[in-house]
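Nothing in this text is a laboratory measurement; each read-out follows from the coordinates by a stated rule. If you're wondering where the values come from, they're calculated on a predicted model, not measured in any experiment. Glycine gets a Cβ as well: all are built from the backbone with ideal geometry, and neighbour counts include every protein chain shown.
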Amino acid sequence: MNAFDYLFSDSKNLDKDFVLGTGQKATFRQIYQDSLKLASYLKIKVGGGQNIILMSHNSVFFITAYLGIIKSGNICVPINPSIEQRNLDYIVESTNCDCVVHSNQLGFELVISASIHINETDLERIVKVQKVQASLFTGYFDKNRIAEILYTSGSTGVPKGVMISHLNITANTDSIVEYLKLSSSDVMGVVLPFFYCYGLSLLHTHLKVGGSLVLINNFIFLGSVISDLGKFKCTGFAGVPSHFQILMKKSQTFLKTEFPHLKYVTQAGGKLHDVFIKEFIKAFPNIPFYVMYGQTEATARLAYLPPNKLREKMGSIGKAIPGVTLQVLDNQGISVKVGELGEITARGDNIMQGYYEDPEGTRAVIRNGCLYTGDLGKVDKDGYIFLVGRKKEIIKVGGKRVSPKEIEEVILSVPEVVDCTVEGVCDELLGEAIKANIVIIKNGCLAQTKAKILETCSDKLVSYKIPQIMFFDKHMNLSLTGKKVKCIPADKAC
C-alpha cells in the first residue's frame, strides 16, 4: 500500500481542520484533494520513481507537496530550506533530480539546477485546473518502494541519504500511535521542521488518527510559543533537548504557566540531561513526559520510556517500541550482560532500506537485516536500556574511557548553566583531553560560574574526568531542527 492511502485511510473525508495556527488552516478533505491533484500532475509530468526535492518551511504548502509527491509514486527528498548552496548542489547532482518543489521566496536565495520548478503559486494553479485521475493509481503497489530520502549529516561531512520505504512509514506510524495512544482529539504543537524525521513523525501520526497540528514556526519568540500552546488547546508538545532547555532556562514564564489541555510531551533527538527532566516534572507533575530514542535510519522511533517509569528509570531510553526488537551487543555480536557496555542494535519493519547510492556505508550499519546504531548502551536487570554515548564520542584520556554525557550531567547541575557539550581534543600527553563548551545565563558572572563548575566537578567526578579546557558563551547556536551546532567560542580558553 502507498503510505499516502494508509495515512488518509480514516481521515480523507473529514471537514475538520488538520492544520491550525496563525495564518495556517486546512482541512483533511482539502489537503487530501489538493495532494491527489498534485499527484496526478506529477504522474503525467514527471512519471514515477523519480527523486523530487522539496524545500519549504512547515506550512500547508509543504504538507500538500510532500503527500502529493509520495502518492505520485515518486520519491520525496525534503531538505532544509536554509541549506548551503554547496550541499544543495551535491544533493541535486547525486539524486539526479530534475524536479524541485519549493516555496516562493526560495528561488531568490539559492540557485537550483533543475528543469522543472513548482512553487507555491504554481501549486495554487495546479489544484485549480488539474483533475484527479484515479486511473493513474490503480494496480499493484510494492510497499517496499522508496517513499522518501532523508538527508542527514555524515561523519565525513558529506550528507547521507537515508532511504525510507512506504512500509517503513506505515510500520513506524503504527508503533508510535499505539504507545502514545493517539486519537482524533489530539492537537500537537509543532516546532520541529518536517524535513527532519522527528517532525515528519508528527505529521504522519496525526494525519493517521485524524488529529490536528498547530504550526509554530518561530521558536525564538518564546512568548508566542507558550501562548500558542494555550490558545490552540494543544494536547501534545514535542521537542529536542534544546527546546526544553531554552524554555526552562531562557523563558521567565514557562515554568509558571499552566497548560490545562496538555496531556503529554515527548522528547527525542538526543539526550536531555536528567537535571532538566527533573525540573520539568517538578514544575508539571501532572503532564506525562515521554523520553524517546530513535534515528533517521529507523524512520524515526526505536524506543521509549513510559512516564510512569521516569522517576524509577531516570536516564534510561526505555525499551523497544511495538514491532521493534532492540539488543545491546558486544564486539562478537553477543547480547551483553547486565551492566556491560555494548552497541545498541535494532530490527523491525521501520529500518531503512539503506543509504542512497552508498552500498559500503549501508553494509557498515546494516548487517543481516539488523541496524547497528553506533550508540553505546547498557541494560539493567529489568531490561531497560541506558544510553552511554556514541561510539565515536567516547573520549580516551590516558587510556581510560570517558563518556561525555556523564560530565555534561554534572556541569548542567550548576543552576547558571544553560547547556554543555563535552568533547575530546588531541593531547600529546594523554592522547585526548576533555573540553567543555558551556552556555551560561546572560546575566551570569563568568568567573563565579566557572569557580562553581570546577567545585561541582571536583565533588562529583574523579580527577581525570574534570575538563582541562572550558569555553564559555551566552548563546546556544541551533540548527532549524533545534539541534546544537558547534559554537565558535565567545571568549578565550580558561
Relative packing of 239-246, 68-75, 449-456, which averages over residues the other C-beta atoms within 10 Å, highest first: 68-75, 239-246, 449-456
Electrostatic dipole magnitude of the chain [Cβ: Lys, Arg +1; Asp, Glu -1; Cα centre; debye, to 20]: 800
Lysine-lysine proximity count for region 67-203, Cα under 23 Å, sequence distance 8 or more or distinct chains: 4
Entries in Lys392/Lys484; Lys309/Lys442; Lys231/Lys271; Lys249/Lys484 that, when Cα-Cα distance is taken, lie over 24 Å: Lys309/Lys442; Lys231/Lys271
Charge-dipole axis of region 130-219 as Lys and Arg at +1 and Asp and Glu at -1 on Cβ define it, positive-most pick from Asn168, Val158, Val187: Val158
Extreme residue, positive dipole direction of region 424-465, given options Ile440, Ser463, Cys426 (C-beta unit charges): Ile440
Segments 276-282, 211-217 sorted - mean Cβ within 10 Å per residue, highest first: 211-217, 276-282
0 to 90° range, to nearest 10: angle between helix 120-129 axis and the chain longest Cα axis: 30
Modelled FRET efficiency - R0 22 Å, Leu446 with Leu255, Cβ distances, 0.05 increments: 0.30
Theoretical gain in end-to-end length, Thr138 to Ala114 [0.36 nm per residue, Cα-Cα removed]: 5.7 nm
Karplus-derived 3J(HN,Hα), 6.51/-1.76/1.60, for each residue of region 38-55, Hz, glycine and proline x: 5, 4, 5, 4, 5, 4, 6, 7, 10, x, x, x, 9, 7, 10, 7, 10, 10
Angle in degrees between helix 85-94 and the longest Cα principal axis of the chain, rounded to the nearest 10: 60
